[in-house]
Amino acid sequence: MAGRLPPFTLEDFTLSPAKRAEITGGLTERQAFMVNQWMDLHVALNAGDWGGFDRYMNTEKMTYDNPNRPDLGTFAEWSTSPKALYTTFPPSLYRTLKAWGNGDDEICVLCHHHGKHTGGPYMGVEPTGNQLDVLWFSWIKFEGDKIVHIYSISDVLSMLIDLEVIQAPQPVDPYK
(Lines give C-alpha, C1' and ligand atoms only; values in the text may rest on other atoms or scores of the structure.)
Protein backbone atom coordinates (compact mmCIF):
# COMPACT_ATOMS: atom_id res chain seq x y z
CA MET A 1 0.00 0.00 0.00
CA ALA A 2 1.26 3.43 -0.91
CA GLY A 3 3.26 5.11 1.79
CA ARG A 4 1.73 5.02 5.21
CA LEU A 5 -1.76 6.32 4.72
CA PRO A 6 -3.75 6.60 7.90
CA PRO A 7 -7.00 4.63 7.88
CA PHE A 8 -9.63 6.20 5.64
CA THR A 9 -13.16 5.67 4.43
CA LEU A 10 -14.76 6.40 1.07
CA GLU A 11 -16.42 9.41 2.68
CA ASP A 12 -12.95 10.96 3.09
CA PHE A 13 -12.91 11.51 -0.69
CA THR A 14 -15.74 14.04 -0.36
CA LEU A 15 -13.92 17.02 1.08
CA SER A 16 -16.05 19.13 3.38
CA PRO A 17 -15.72 22.92 3.37
CA ALA A 18 -13.80 22.61 6.66
CA LYS A 19 -11.37 20.07 5.16
CA ARG A 20 -10.88 22.26 2.08
CA ALA A 21 -10.15 25.22 4.36
CA GLU A 22 -7.61 23.12 6.25
CA ILE A 23 -5.90 22.08 2.98
CA THR A 24 -5.77 25.67 1.69
CA GLY A 25 -4.81 27.19 5.05
CA GLY A 26 -1.83 29.51 4.74
CA LEU A 27 -2.23 30.01 1.00
CA THR A 28 -3.03 33.31 -0.65
CA GLU A 29 -6.56 33.83 -1.93
CA ARG A 30 -5.37 33.17 -5.49
CA GLN A 31 -3.48 30.00 -4.50
CA ALA A 32 -6.51 28.74 -2.56
CA PHE A 33 -8.65 29.35 -5.67
CA MET A 34 -6.27 27.23 -7.78
CA VAL A 35 -6.24 24.41 -5.21
CA ASN A 36 -10.04 24.51 -5.07
CA GLN A 37 -10.14 24.27 -8.89
CA TRP A 38 -7.96 21.14 -8.57
CA MET A 39 -10.22 19.67 -5.86
CA ASP A 40 -13.30 20.49 -7.98
CA LEU A 41 -11.66 18.59 -10.85
CA HIS A 42 -11.39 15.59 -8.51
CA VAL A 43 -15.12 15.87 -7.75
CA ALA A 44 -15.79 15.63 -11.50
CA LEU A 45 -13.39 12.70 -11.95
CA ASN A 46 -14.88 10.87 -8.96
CA ALA A 47 -18.32 11.17 -10.59
CA GLY A 48 -17.11 10.12 -14.05
CA ASP A 49 -17.96 13.57 -15.43
CA TRP A 50 -15.81 13.56 -18.58
CA GLY A 51 -17.57 16.48 -20.26
CA GLY A 52 -16.46 19.12 -17.80
CA PHE A 53 -12.70 19.23 -18.24
CA ASP A 54 -12.87 22.60 -19.98
CA ARG A 55 -14.14 24.12 -16.72
CA TYR A 56 -10.73 23.44 -15.18
CA MET A 57 -8.27 23.13 -18.05
CA ASN A 58 -7.29 24.97 -21.15
CA THR A 59 -7.80 21.87 -23.30
CA GLU A 60 -5.99 23.47 -26.26
CA LYS A 61 -2.83 24.40 -24.33
CA MET A 62 -2.74 21.89 -21.47
CA THR A 63 0.34 19.65 -21.33
CA TYR A 64 1.20 16.80 -18.99
CA ASP A 65 4.55 15.41 -17.88
CA ASN A 66 5.13 12.28 -15.84
CA PRO A 67 8.29 10.17 -16.15
CA ASN A 68 6.14 7.05 -15.68
CA ARG A 69 3.73 8.02 -18.49
CA PRO A 70 5.63 9.66 -21.36
CA ASP A 71 2.70 8.74 -23.64
CA LEU A 72 0.41 11.33 -22.01
CA GLY A 73 1.79 14.69 -23.16
CA THR A 74 -1.28 16.51 -24.49
CA PHE A 75 -4.70 17.07 -22.97
CA ALA A 76 -6.23 14.62 -25.47
CA GLU A 77 -3.72 11.96 -24.44
CA TRP A 78 -3.88 12.71 -20.70
CA SER A 79 -7.68 12.70 -20.54
CA THR A 80 -7.76 9.02 -21.56
CA SER A 81 -6.00 8.03 -18.33
CA PRO A 82 -8.62 9.03 -15.72
CA LYS A 83 -11.29 7.45 -17.93
CA ALA A 84 -9.41 4.14 -18.07
CA LEU A 85 -8.66 4.27 -14.34
CA TYR A 86 -12.35 4.89 -13.62
CA THR A 87 -13.39 1.65 -15.32
CA THR A 88 -10.40 -0.49 -14.31
CA PHE A 89 -10.24 0.48 -10.62
CA PRO A 90 -13.75 1.30 -9.42
CA PRO A 91 -14.64 3.30 -7.43
CA SER A 92 -11.54 5.24 -8.66
CA LEU A 93 -11.59 8.14 -6.22
CA TYR A 94 -9.20 11.07 -5.90
CA ARG A 95 -8.52 13.50 -3.07
CA THR A 96 -6.04 16.21 -2.22
CA LEU A 97 -4.19 15.74 1.06
CA LYS A 98 -1.90 18.81 1.16
CA ALA A 99 -1.25 21.89 -0.96
CA TRP A 100 1.42 24.53 -1.42
CA GLY A 101 1.52 27.64 -3.59
CA ASN A 102 4.05 29.70 -5.50
CA GLY A 103 3.00 33.10 -6.73
CA ASP A 104 -0.22 33.62 -8.65
CA ASP A 105 0.03 30.78 -11.14
CA GLU A 106 1.53 27.66 -9.51
CA ILE A 107 0.46 25.14 -6.91
CA CYS A 108 1.84 21.82 -5.74
CA VAL A 109 -0.46 19.17 -4.31
CA LEU A 110 -0.05 15.82 -2.58
CA CYS A 111 -2.90 13.55 -3.64
CA HIS A 112 -4.32 10.07 -3.09
CA HIS A 113 -5.98 7.84 -5.68
CA HIS A 114 -8.00 4.87 -4.40
CA GLY A 115 -9.73 2.02 -6.17
CA LYS A 116 -9.95 -1.75 -6.51
CA HIS A 117 -8.67 -3.78 -9.41
CA THR A 118 -12.04 -5.23 -10.42
CA GLY A 119 -12.95 -3.60 -13.73
CA GLY A 120 -10.53 -5.05 -16.25
CA PRO A 121 -6.93 -6.00 -16.97
CA TYR A 122 -4.06 -3.71 -16.07
CA MET A 123 -0.65 -4.18 -17.68
CA GLY A 124 -1.63 -7.70 -18.69
CA VAL A 125 -2.87 -8.70 -15.24
CA GLU A 126 -6.51 -9.72 -15.00
CA PRO A 127 -8.52 -8.15 -12.15
CA THR A 128 -7.19 -9.27 -8.78
CA GLY A 129 -9.58 -7.40 -6.51
CA ASN A 130 -6.52 -5.84 -4.89
CA GLN A 131 -6.83 -2.36 -3.48
CA LEU A 132 -5.10 0.51 -5.25
CA ASP A 133 -3.83 3.39 -3.12
CA VAL A 134 -1.39 5.64 -4.94
CA LEU A 135 0.12 8.78 -3.50
CA TRP A 136 1.41 11.39 -5.92
CA PHE A 137 2.63 14.95 -6.18
CA SER A 138 1.54 17.26 -8.95
CA TRP A 139 2.97 20.66 -9.79
CA ILE A 140 0.21 22.55 -11.58
CA LYS A 141 0.56 25.74 -13.63
CA PHE A 142 -2.38 28.01 -14.38
CA GLU A 143 -3.06 30.72 -16.92
CA GLY A 144 -5.99 32.70 -15.62
CA ASP A 145 -8.47 30.25 -14.13
CA LYS A 146 -7.39 27.26 -16.25
CA ILE A 147 -4.75 24.58 -15.82
CA VAL A 148 -2.18 24.66 -18.62
CA HIS A 149 0.44 22.24 -17.29
CA ILE A 150 0.62 19.34 -14.85
CA TYR A 151 3.83 17.58 -13.82
CA SER A 152 3.16 14.50 -11.70
CA ILE A 153 5.31 11.96 -9.95
CA SER A 154 3.71 8.98 -8.26
CA ASP A 155 4.59 5.90 -6.24
CA VAL A 156 4.36 3.54 -9.20
CA LEU A 157 6.59 0.85 -7.65
CA SER A 158 4.21 0.30 -4.73
CA MET A 159 1.25 0.37 -7.10
CA LEU A 160 2.72 -2.30 -9.40
CA ILE A 161 3.57 -4.50 -6.41
CA ASP A 162 0.09 -4.05 -4.88
CA LEU A 163 -1.56 -4.94 -8.21
CA GLU A 164 0.67 -8.02 -8.64
CA VAL A 165 2.13 -6.68 -11.88
CA ILE A 166 5.62 -7.21 -10.42
CA GLN A 167 7.08 -8.90 -7.38
CA ALA A 168 9.77 -7.14 -5.43
CA PRO A 169 11.33 -7.81 -2.07
CA GLN A 170 10.65 -5.02 0.37
CA PRO A 171 13.75 -4.33 2.44
CA VAL A 172 13.55 -3.27 6.07
CA ASP A 173 17.03 -1.73 5.83
CA PRO A 174 18.48 -1.83 2.32
CA TYR A 175 22.01 -1.15 3.61
CA LYS A 176 22.37 -4.41 5.56
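Worth a mention:
- For beta carbons closer than 7 Å, sequence separation of 6+ or different chains, a first residue in the range 148-163 that is on the phi < 0 side of the Ramachandran plot and a second that is part of a helix (DSSP H, G or I) and of a type in the set (Phe, Trp, Tyr), there are no qualifying pairs.
- Filter result (over 30 Å from Asn58 (Cβ atoms) and of a type in the set (D, E, K, R)) within the range 120-176: Glu126, Asp133, Asp162, Glu164, Asp173, Lys176
- Some residue of the range 163-175 being outside any loop (DSSP other than H, G, I, E, B) and over 19 Å from Ser79 (Cα atoms): no
- Residues of the range 2-32 that turn out to be on the phi > 0 side of the Ramachandran plot and in contact with an Asp or Glu (Cβ under 7 Å, 6 or more places away or on another chain), as a count: 1
- Here no strands (runs of 3 or more DSSP E) wholly within the range 18-126 include at least 2 residues being at pLDDT below 95 and under 17 Å from the mean Cα position of the chain (by Cα).
- Yes/no for Gly120 being more than 30 Å from Met34 (Cα to Cα), loosely packed, with under 15 Cβ neighbours inside 10 Å and either in contact with a Phe, Trp or Tyr (Cβ under 9 Å, 6 or more places away or on another chain) or touching a residue at least 24 places away in the same chain (Cβ under 8 Å) (or both): yes
- Which listed residue, of Lys83, Lys98, is in contact with a strand residue (DSSP E or B) (Cβ under 6 Å, 6 or more places away or on another chain) and basic (Lys, Arg): Lys98
- Counted residues, the range 1-38 - those being of a type in the set (S, T, N, Q), surrounded by fewer than 17 Cβ atoms within 10 Å (Cβ to Cβ) and touching a residue at least 40 places away in the same chain (Cβ under 8 Å): 1
- Considering the range 127-147, the residues that are assigned to a strand (DSSP E or B) and out of contact with any Asp or Glu (no Cβ under 9 Å at 6 or more places or on another chain) include one that is farthest from Asn66 (Cα to Cα), namely Ile147.
- Single unsatisfied condition, Lys146 versus (1) at pLDDT 95 or above; (2) over 16 Å from Val35 (Cβ atoms): (2)
- Flag if Glu77 is surrounded by fewer than 15 Cβ atoms within 10 Å (Cβ to Cβ) and without any contact (Cβ under 8 Å) to a residue 12 or more places away in the chain: no
- Filter result for His149 (crowded, with 16+ Cβ neighbours inside 10 Å, closer than 25 Å to Leu10 by Cβ and under 17 Å from the mean Cα position of the chain (by Cα)): no
- Close pairs (9 angstrom Cβ cut-off, 6 or more residues apart or separate chains): on the phi > 0 side of the Ramachandran plot in the range 39-59, among the aromatic types (Phe, Trp, Tyr) and crowded, with 18+ Cβ neighbours inside 10 Å anywhere: Gly48/Tyr86
The values are calculated or read from the model by the stated rules, or taken from the named source; none is laboratory data. Just so it is clear, the model here is predicted, and its values are computed rather than measured. Ideal geometry is used to build each Cβ from the backbone, glycine not excepted, and the neighbour counts take in all protein chains shown.
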